[in-house]
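Structure record follows, encoded as structure tokens.
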Amino acid sequence: MTNAFPIILSTFATLNNTTHFFYNRNTTMDLLSQIVARAKANKQRIVLPEAEEERTLCAADKALADNIADIILIGNPAKVEALAKEKGLENIGKATLIDPDNYDKSEELAEKLAEIRKSKGMTIEEARKLIKNPLYLGCMIIKTEGADGQISGALSTTGDTLRPALQIIKCEPGITCVSGGLLLISKQKQYGENGVLVVADVAVTPMPDAAQLSQIAVCTARMAKAVAGFEEPRVAMLSFSTKGSAKHEVCDKVIEATRLAKELDPTLKIDGELQADAALVPSVGAKKAPGSDIAGKANVLVFPNLEVGNIGYKMVQRLGDAIAIGPVLQGIARPVNDLSRGCSIDDIYYMIAITACQAMDAKK
């Protein structure tokens, strides 16, 4: 499991070509504006369990001012209020503020947590202790329908963020693995949806088997609709082979994953195995995979493993001046997202909107 990556502004800071900076920035802000607009149109309840952290509180204030979500803050009220006053945050009073050490539902939630983890040997005493942990408390609030999603990571590790989510909220029905999807925005507008591609897995599962890879494909297509706003995700299962041009067990895995993904979601538009050029370039797709509905038209790319995904997106980012937004965690029954500990206020703000869009989709 890798650490989460900075989302937006830190990526901008690394671009040396000013023309490309503004080109990509405008394209990126258009997409982010659409995500924010969808969040505003159907407000969700998002938990921020690191409310005593300065950037988190500033992002919450901005989200509340812009009315993109109903915010639930978890932290010591005196510390939160003092920090809000110090920073001149005028909207924090609109949030629901929960003190993990003095919450009137703590015992009820502890009992439910102990029941959920009973098969793993959890006692009520252990549950009472865990429920004071803001990350566990937030996930229990989501589990009991008091919230729709959670974001942490400004202070916490990826493991600390995921552990309570997987123990309490668990994966979506039919899904057994979590993955990280990424929005890639390129100046090459002929690819994907006007230069926007959604790719996975870039963050979580190192060596997925065929069943896991099929789940990653389905989850990434869902994320492409919910977050990127794609009306029709077209999924390419990537390999170094196109339609049997090479024979190897790793190609066989991709072929089997494609078959399983169709079983998991019969409505999914998907094809594989496809090389990256066959997936993206119409002329190459027509030559290498004639008759394919996906070849040359893909807007969602699924990598065969995490190593390929992580290397591939970073090369596109650095050599092609692409902007990377994410990763967005996929596969959890209700969205729980991870931040980089080096994240900015805007990173958190936009992740609130992204998580809200995922939450809407999870309710369908």
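The table below gives the values:
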quantity	calculated
Accessible area expressed per residue, segment 266-346, with surrounding protein chains retained (probe 1.4 Å, Å²)	39
Amide H contacts of Ile74 (H built 1.01 Å from N, under 5 Å, at least 5 apart or other chain)	Leu48, Glu50, Ala51, Ile98
Sequence-distant residues sharing a close amide H with Asn337 (under 5 Å, placed H)	Gln150, Ile151, Ser152
Segments 289-297, 51-59 sorted - mean Cβ within 10 Å per residue, highest first	51-59, 289-297
For segment 43-194: rounded, prolate or oblate by the Cα gyration tensor [a/c cutoff 1.5]	oblate
Integer Hz, Karplus 6.51/-1.76/1.60 couplings in order for segment 149-164, x for Gly and Pro	x, 9, 9, 8, x, 4, 10, 9, 6, 4, x, 5, 6, 6, 4, x
Summed residue charge, Cβ within 14 Å of Leu184's Cβ, Lys/Arg positive, Asp/Glu negative	+1
Above-threshold pairs, the threshold being 26 Å between Cα atoms, out of Lys43/Lys225; Lys129/Lys364; Lys79/Lys132	Lys129/Lys364
Rounded, prolate or oblate (a/c below 1.5 giving rounded, otherwise prolate when a/b exceeds b/c) for segment 238-309 by Cα gyration tensor	rounded
Euclidean distance between Cα centres, segment 199-221 to segment 263-296, Å	18
Segment 200-269: proportion of alpha-carbon pairs further apart than 17 angstrom, %	43
Degrees separating the helix 345-362 axis from the principal Cα axis of the chain, which is the longest one	80
Whole-Hz ³J(HN,Hα) from phi, Karplus 6.51 cos²θ - 1.76 cosθ + 1.60, for segment 129-140, glycine and proline x	5, 5, 5, 7, 6, x, 5, 6, 4, x, 5, 5
Inter-label distance, nm, simple model (7 Å from Cα along the C-beta direction), Ala37/Thr96	2.9
Computed label-point distance, nm, for sites Asn305 and Lys118 using a 7 Å Cα→Cβ extension	4.1
Table column - 3J(HN,Hα) (Hz), segment 86-97, Karplus curve with 6.51, -1.76, 1.60, x for Gly and Pro	4, 8, x, 7, 9, 10, 4, x, 7, 7, 8, 10
Peptides ranked, highest mean first, by Cβ atoms within 10 Å: ranges 125-136, 325-336, 108-119, 345-356	325-336, 345-356, 125-136, 108-119
Fraction of antiparallel bridges per DSSP, the chain only, in percent to nearest 5	35
Solvent exposure of segment 162-230 as accessible area per residue, Å², 1.4 Å probe	31
For segment 169-218, alpha-carbon Rg over 2.2 N^0.38 Å	1.36
Rounded percent of accessible protein surface that carbon and sulfur make up, the chain, 1.4 Å probe	51
Listed pairs Lys62/Lys143; Lys187/Lys288; Lys85/Lys314 exceeding 28 Å between Cα atoms	Lys85/Lys314
15 Å beta-carbon shell around Gly320, net charge (K/R +1, D/E -1)	+2
For the chain, projected area of the alpha-carbon convex hull averaged over all directions, nm²	18.1
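The values are calculated or read from the model by the stated rules, or taken from the named source; none is laboratory data. Since the model is a prediction, treat every value here as computed from it, not as a measurement. Cβ atoms come from the backbone with ideal geometry, glycine included; neighbour counts cover every protein chain shown. Note: areas computed on protein heavy atoms with side chains; ligands, DNA, RNA excluded. Shrake-Rupley method; radii C 1.70, N 1.55, O 1.52, S 1.80 Å.
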